[in-house]
Amino acid sequence: MKKLCIGLLVLLAAACTGDATTTTVVAPTVQSATTSPPPTTAVMADTPQAIVSLSPTATEMLAAIGALPQVVAVDDQSDYPTNVPVTDLSGFTPNIEAIASYDPDLVVVSNDIDGMVGALESLDIPVLLLPAAVTFDDVYAQISQLGEATGRFDEAEALTAEMREAIDELTAGVEPPVEPLTYYHELDPGLFSVTSSTFIGSIYSLFGLQNIADAADPDGFGYPQLAEEYVISTDPDFIFLADTEFAGQSAESVAARPGWGEMSAVTGGRVVELDDDVASRWGPRVVDFVQAVAEALALQPVG
Amino acid sequence: MITTGSWSRALRPRSLGLGVLVLAAAALAGVALGPARLPIPEVMAALFDSLPGVDTHHSLTARQLDILFELRLPRVALGACVGATLAVCGAAYQGVFRNPLVDPYLLGVAAGAGLGATIAFATAAVAAVPVAAFVGASAAVVLTYAIGNRFGDRAPTSLVLAGVAVASFLTAAQTYVQQRNSGDLRVVYSWILGRLGAGWDDVRLVLPYVVVSAIVILLHRRLLDVLAVGDPEAQSLGVPVARVRLLVVMAATLGTAAAVAVSGLIGFVGIIVPHTVRLLAGPSYRSTLPLSILFGAAFMVATDLAARTLIAPAELPIGVVTAFFGAPFFLALLRRRG
């Protein structure tokens with residue numbers, strides 16, 4: 001689900017509140033954007049030894065806290081790290097029978113598509129629902145939850161501490177600009193973008209960057225499709241591409257778009273090619289994302 | 001061959017003039033307005049300045065000129081091409097199948113184009129999307145024709161039924177590919193809803209097909225009028241019915257496939273525009289076809305203007321606009337006429 005419409009995820013996640021309340025591992029349903037989920041205190045009798053992850057982000061989190069040996073299967077979109085047990089399982093079109101055939105003692109999902117959580121619970125399979133993060137606190141809380149659920153609480157705490165520290169260091173290393181800098185984050189070549197109210201947007205906000213998509217989203221949906229004229233006439237200082245892999249966009253292809261060649265981000269070398277997956281998951285690699293932004297800001301001064 | 005001196009069946013200069021006027025107004029609005037809010041007098045001055053031999057003063061910056069000449073103008077041109085093509089091809093399809101509910105996607109064009117584009121997105125070959133959509137659309141109609149002629153009795157009904165089967169099958173295949181590549185869901189969905197704009201490249205890409213298709217269809221305008229009386233009757237009047245149908249369908253498919261390749265699946269234009277034109281100027285294809293070109297172009301330019309300004313600086317998918325505003329407008333027209 002590397003680029004699965006994040007907005008859809010948010011909507012789905014919002015719609016499934018209350019579906020996942022009766023598991024042994026308490027699956028905290030979606031919290032509102034303002035409150036991050038508190039670490040659950042539910043403790044399993046034994047730590048799960050046959051985990052199925054249907055969320056690429058959860059897979060990355062599990063790997064980072066050293067829980068991979070307990071993971072028996074991950075979904076078809078989980079591709080990082082490379083040594084995960086990839087299967088045909090899909091978190092997007094879930095097949096309950098196929099999931100159950102791995103005899104899991106914990107299934108981690110990022111949204112409750114097709115009533116998957118309820119279906120798995122009816123088979124007495126514990127489910128942990130870790131929806132798309134809205135804030136950094138959500139990210140840390142989810143890592144803690146996974147640590148608790150897998151018996152690797154200390155590793156999880158160490159990881160979140162390390163992430164916080166790295167991000168603090170990266171943001172502190174960039175001088176705040178005199179004039180506020182603007183940016184455009186591209187989700188796909190159709191000019192879908194994110195606003196600063198999204199998790200992706202909050203990463204840029206760390207550096208005080210101003211999002212040109214905010215003006216296009218009065219309803220606060222978070223993922224507007226921008227008009228091309230608007231992007232060009234706004235002339236953002238930075239263009240961040242999160243469609244480099246799946247849609248093959250690059251600084252060159254942006255420069256070659258009609259009307260884009262003279263934009264200051266293009267002529268100033270401030271078109272930043274992000275890793276699509278890093279820029280759309282909310283796992284431990286958000287540090288890489290923060291680093292990419294920090295490097296872009298440090299290397300290509302505006303002026 | 002029927003010859004008719006009836007003035008009412010031919011293209012009236014008044015209707016033609018109205019069409020030209022409406023298209024000109026839509027194009028002018030399309031160039032003058034947009035989310036970038038360029039000063040309109042300056043835009044007009046810059047437009048005149050760009051004409052050969054005219055030298056006017058304007059104060060647009062280089063970026064504003066880029067927006068005007070690299071984004072807006074080609075977008076208006078592309079909208080005109082796509083709208084004209086979908087409308088005239090829709091009218092042609094309605095003629096050869098003698099069915100007012102037919103649209104240019106009837107024989108599987110949309111499903112074929114959708115499958116082609118989805119495969120291109122899924123294999124990360126985004127640059128190949130127009131070609132893939134074009135190939136898919138054309139292949140779908142060839143398949144429909146082959147099946148319809150092989151198993152049917154060459155009547156239009158067999159073709160239509162074959163088209164339904166082919167479209168369902170290809171849509172199933174498209175959905176399968178899309179579900180297997182859920183990461184591309186948004187781009188595929190966004191493509192299906194339609195979007196104009198990739199500068200002059202798309203205009204250059206689509207123009208030859210559109211022109212050839214429109215010319216072939218226009219050349220058949222009288223024969224389509226004769227065809228309206230029924231296959232046997234037209235045959236007895238000396239019209240090679242099967243050949244006319246094949247030629248017109250080929251031309252309409254070529255045009256539709258090219259339009260779909262650059263704009264995605266913009267629905268409704270192929271039905272609403274020809275019917276509006278018929279309500280205005282009567283049922284003869286001698287007026288319906290040329291007027292569909294003019295009003296189709298105007299309609300698409302106007303809806304695209306709405307798509308990029310209504311919720312500016314965000315943008316609406318054009319397919320949403322065509323149906324949302326087109327349907328009530330069409331109903332109002334029907335009601336007034338009824």
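The values are calculated or read from the model by the stated rules, or taken from the named source; none is laboratory data. All values reported here derive from a predicted model rather than from experimental measurement. Quick reminder, even Gly has a Cβ in these numbers, built from the backbone with ideal geometry, and neighbours come from all protein chains shown.
Per-structure values
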read-out	value
Boolean, B:A198 is touching a residue at least 24 places away in the same chain (Cβ under 8 Å), farther than 26 Å from B:P290 by Cα, within 14 Å of chain A (Cβ to nearest Cβ) and surrounded by fewer than 22 Cβ atoms within 10 Å (Cβ to Cβ)	yes
Residue count for the range B:294-338, restricted to those that are under 15 Å from B:L78 (Cβ atoms), within 14 Å of chain A (Cβ to nearest Cβ) and of a type in the set (V, I, T)	1
Within the range A:193-208, tally of residues that are outside any helix (DSSP H, G or I) and surrounded by 24 or more Cβ atoms within 10 Å (Cβ to Cβ)	3
Tally of residues being more than 7 Å from every other protein chain (Cβ to nearest Cβ), more than 16 Å from A:Q225 (Cβ to Cβ) and surrounded by fewer than 23 Cβ atoms within 10 Å (Cβ to Cβ) across the range B:172-195	8
Within the range A:60-97, tally of residues that are under 18 Å from A:D154 (Cα atoms) and part of a helix (DSSP H, G or I)	8
Where B:T123 falls short, out of the listed (1) β-branched (V, I, T); (2) at pLDDT 85 or above; (3) buried (at least 21 other Cβ atoms within 10 Å of the Cβ)	(3)
Failed item, numbered, when B:L279 is tested on (1) in a helix (DSSP H, G or I); (2) more than 14 Å from chain A (Cβ to nearest Cβ); (3) at pLDDT below 95; (4) buried (at least 17 other Cβ atoms within 10 Å of the Cβ)	(4)
Residue among A:A251, A:A298 that is crowded, with 17+ Cβ neighbours inside 10 Å, over 15 Å from the mean Cα position of the chain (by Cα) and over 19 Å from B:G183 (Cβ atoms)	A:A251
Qualifying residue in the range B:254-269 (condition: more than 14 Å from every other protein chain (Cβ to nearest Cβ) and free of Cβ contacts under 8 Å to residues at least 40 places away in the same chain)	no
Count - residues of the range B:117-170 that are hydroxyl-bearing (S, T, Y) and in a loop (DSSP other than H, G, I, E, B)	1
Residue check for B:A312: over 15 Å from the mean Cα position of the chain (by Cα), in a loop (DSSP other than H, G, I, E, B) and modelled with pLDDT under 90	yes
Close pairs from the range A:210-234: first free of Cβ contacts under 8 Å to residues at least 40 places away in the same chain and within 14 Å of A:Y183 (Cβ to Cβ), partner surrounded by fewer than 22 Cβ atoms within 10 Å (Cβ to Cβ) and of a type in the set (V, I, T), Cβ under 6 Å, at least 6 apart	A:Q210/A:T182; A:N211/A:T195; A:I212/A:T182; A:I212/A:T234; A:A213/A:T195; A:D214/A:T195
Matching residues in the range A:226-271 - criterion: being assigned to a helix (DSSP H, G or I), of a type in the set (D, E) and over 12 Å from A:Y184 (Cα atoms)	A:E229, A:E252
Residues satisfying the stated conditions in the range B:135-193, i.e. of a type in the set (K, R) and farther than 30 Å from A:F192 by Cα	B:R150, B:R154
Condition check for B:R286: away from every other protein chain (no Cβ under 14 Å), charged (D, E, K, R), within 27 Å of B:R12 (Cα to Cα) and touching a residue at least 12 places away in the same chain (Cβ under 8 Å)	yes
B:R245 vs. criteria in contact (Cβ under 8 Å) with a residue 40 or more places away in the chain, of a type in the set (K, R) and away from every other protein chain (no Cβ under 14 Å)	yes
Any chance A:A279 is under 23 Å from A:F199 (Cα atoms), small (G, A, S) and part of a loop (DSSP other than H, G, I, E, B)	yes
Qualifying positions in the range B:74-115 - out of contact with any helix residue (DSSP H, G or I) (no Cβ under 6 Å at 6 or more places or on another chain) and within 14 Å of chain A (Cβ to nearest Cβ)	B:R75
From the options A:D219, A:D275, A:D288, A:D235, residue that is closer than 30 Å to A:E165 by Cβ, among the charged types (D, E, K, R) and within 14 Å of another protein chain (Cβ to nearest Cβ)	A:D275
Unique residue being assigned to a helix (DSSP H, G or I) and either of a type in the set (D, E, K, R) or within 14 Å of chain B (Cβ to nearest Cβ) (or both) when the list is A:E162, A:E175, A:E179, A:E186	A:E162
Among the residues listed as B:G267, B:G238, the single one being more than 20 Å from the chain's Cα centre (by Cα) and assigned to a loop (DSSP other than H, G, I, E, B)	B:G238
Of the criteria (1) modelled with pLDDT of 95 or more; (2) closer than 16 Å to A:A50 by Cα, which one A:Q145 fails	(2)
